[in-house]
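Take a look at the structure set out below.
The values are calculated or read from the model by the stated rules, or taken from the named source; none is laboratory data. Everything quoted here is computed from the prediction, not taken from an experiment. In this analysis, Cβ positions are derived from the backbone assuming ideal geometry, glycine residues included, and neighbour counts consider all displayed protein chains.
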Amino acid sequence: MSRRRKRKAFINDIVLQRVERLFDAAFVEFPAHTQRSDRYVELARKLAMKHRVPLGKTYKMRFCRSCGAYFVYGTNARVRIKDKRTVITCLRCHDLRRY
């Protein structure tokens, strides 16, 4: 393995750890400060895009792509299973995501 590839793998690992930490912080902050949790999601997305690290499916399902809201299912997002697919509705902007 070349030195550049090792460095890229190391940076990707650090970025994924930071994204995980930001999503955990968003979960903790949501009950008291919803805007702060939305900001944490925005920072995590920008970080992943900057370093071209794909977010996993679990992270993609935790925020609205349209308005950037952090999802807490049952509070600001509705989850339904329809025709063997998961449909998540953002209750802020009423955007639908099907997984």
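Yes/no per residue for (1) at pLDDT 95 or above; (2) of a type in the set (Phe, Trp, Tyr); (3) in contact with a helix residue (DSSP H, G or I) (Cβ under 8 Å, 6 or more places away or on another chain):
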{"position": "Met1", "(1), (2), (3)": "no, no, no"}
{"position": "Asn12", "(1), (2), (3)": "no, no, no"}
{"position": "Leu43", "(1), (2), (3)": "yes, no, yes"}
{"position": "Met49", "(1), (2), (3)": "yes, no, no"}
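Residues that are touching a helix residue (DSSP H, G or I) at 6+ places or on another chain (Cβ under 7 Å), buried (at least 16 other Cβ atoms within 10 Å of the Cβ) and part of a loop (DSSP other than H, G, I, E, B) within the range 57-77 comprise Arg62, Ala69, listed in sequence order.
Evaluate the range 24-32: report whether one residue or more is under 10 Å from the mean Cα position of the chain (by Cα), without any contact (Cβ under 8 Å) to a residue 40 or more places away in the chain and under 21 Å from Arg97 (Cα atoms). The answer is no, given that none of the residues of the range 24-32 is under 10 Å from the mean Cα position of the chain (by Cα), without any contact (Cβ under 8 Å) to a residue 40 or more places away in the chain and under 21 Å from Arg97 (Cα atoms). What is the number of the single condition among (1) free of Cβ contacts under 8 Å to residues at least 24 places away in the same chain; (2) more than 16 Å from Leu96 (Cα to Cα); (3) surrounded by 14 or more Cβ atoms within 10 Å (Cβ to Cβ) that Gln35 does not meet? All conditions are met except number (3).
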